């Protein structure tokens, strides 16, 4: 890890804060100290406060199509293999970097030092690939393929000066669905998704006609959500983890809803129904099924992977062909809970964010935004997804239908191969002013969505 010094001399500001606040407003707008009682215990930069009002949106919103009243500037571009992102209370942006095949990774830190809405300071640290990243109480948490780490962001520093601490490790070694996404709940808990390294737990993974293992042995330590202490160093899955939920194939989109005080994920559904079981599924059915499932995850929840999947067209859970299904039979699947929303198949849900700000209109408050990375296995049909959607909520459950919020990522053309998409949304984060940041994994572009009114 590289060592960097924090920008600026913060001590004089701290000593004379009261005088500066009351007399010299212009200085106050440059630096504002945030007390330790705030969620991140970090320093808020007044340049971010000013920038939220003065920043100019791009004429074309950086290529995005947004609802009326919304606009977006591109705050940074060409950053590389960006995955999830988080925004600190002072407006600093942190990006997880990951390219699995090339083994490229690390963390990128971005700062807008003058408040014009454009990043002008970029630092990079760490080398391990990861997908999940979040700030909590002055620490930067980072989910790699094998661990969750945290860095100490000392007194509002852009980058840490010390190596990371291991919060939890000891996960099974796997090369498929290995990313460790996480969410912070109440009472100091952290929830980590441990993906199943399999399509449908077959005797021969992705083997045509190969039956499923019953019971599926992967569910003992994978294919679910495990709970850990967010502030305890040196935990391992087997010693310190609690299996909070099982039967979830892979859920990099995971978030805690502070209104309902509950956990949610959007699961990546299984693949290759037509390729592996052509006697039961047409090409079109293989492209459209199964649903990407939005799940309310409660303690000791048991969901249906790999035994069943949700058919959003039939609006019911049906038995997987590996376990005796034919696309119609329900069998044991009636015992499993339905999703709270069933999205189209193969959209690739990559991030989930509950909106808690007050910049967006009332309609969006306490609702859920989901970033769909886009499909890769709908051939010969056109690939789909590549959008950010919104789900209105009332308490713990959605109300009404899901809505398209942002598209245009793919470039307004037919996508037959995901590599043809100009951008693919992969991460969502809420800024301190209530704006929403979106990251792209193709070119490394970051948008900041603002509401400017009708």
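The values are calculated or read from the model by the stated rules, or taken from the named source; none is laboratory data. All of these numbers come straight from a predicted model, not from anything done at the bench. All Cβ positions, glycine included, derive from the backbone under ideal geometry; neighbour counts span all protein chains shown.
Structure data summary
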| quantity | calculated |
| --- | --- |
| Neighbours by Cβ (under 9 Å, 6+ apart or cross-chain): first from the stretch 379-398, at negative phi and buried (at least 22 other Cβ atoms within 10 Å of the Cβ); second modelled with pLDDT under 95 and not in a loop (DSSP other than H, G, I, E, B) | 383/418; 383/420 |
| Residues of the stretch 150-161 that turn out to be part of a loop (DSSP other than H, G, I, E, B) and in contact with a strand residue (DSSP E or B) (Cβ under 6 Å, 6 or more places away or on another chain), as a count | 4 |
| Qualifying residue in the stretch 322-343 (condition: at pLDDT 95 or above and touching a helix residue (DSSP H, G or I) at 6+ places or on another chain (Cβ under 6 Å)) | no |
| Filter result (surrounded by fewer than 22 Cβ atoms within 10 Å (Cβ to Cβ) and closer than 19 Å to residue 235 by Cβ) within the stretch 150-173 | 152, 163, 165, 166, 169, 170, 172, 173 |
| Selection count, the stretch 112-149, where residues are in a strand (DSSP E or B) and either closer than 22 Å to residue 174 by Cα or in contact with a helix residue (DSSP H, G or I) (Cβ under 7 Å, 6 or more places away or on another chain) (or both) | 10 |
| Options 179, 187, 183: the member that is touching a strand residue (DSSP E or B) at 6+ places or on another chain (Cβ under 8 Å) and outside any strand (DSSP E or B) | 179 |
| Single condition residue 166 does not satisfy, out of (1) outside any loop (DSSP other than H, G, I, E, B); (2) free of Cβ contacts under 8 Å to residues at least 12 places away in the same chain | (2) |
| Among the residues listed as 72, 96, the single one being in contact with a helix residue (DSSP H, G or I) (Cβ under 6 Å, 6 or more places away or on another chain), crowded, with 19+ Cβ neighbours inside 10 Å and at negative phi | 72 |
| Residue in the stretch 112-128 that is within 19 Å of the chain's Cα centre (by Cα), closer than 27 Å to residue 221 by Cβ and surrounded by fewer than 22 Cβ atoms within 10 Å (Cβ to Cβ) present | yes |
| Evaluation of residue 390 against (1) over 23 Å from residue 71 (Cβ atoms); (2) in contact with a helix residue (DSSP H, G or I) (Cβ under 7 Å, 6 or more places away or on another chain) (one fails), failing number | (1) |
| Those residues of the stretch 89-105 which are part of a strand (DSSP E or B) and modelled with pLDDT of 95 or more, in sequence order | 93, 94, 95, 96, 97 |
| Unmet requirement for residue 320, which otherwise passes all of (1) surrounded by fewer than 21 Cβ atoms within 10 Å (Cβ to Cβ); (2) at negative phi; (3) over 21 Å from the mean Cα position of the chain (by Cα) | (1) |
| Tally, over the stretch 63-88, of residues that are assigned to a loop (DSSP other than H, G, I, E, B) and either at pLDDT below 95 or within 15 Å of residue 439 (Cα to Cα) (or both) | 8 |
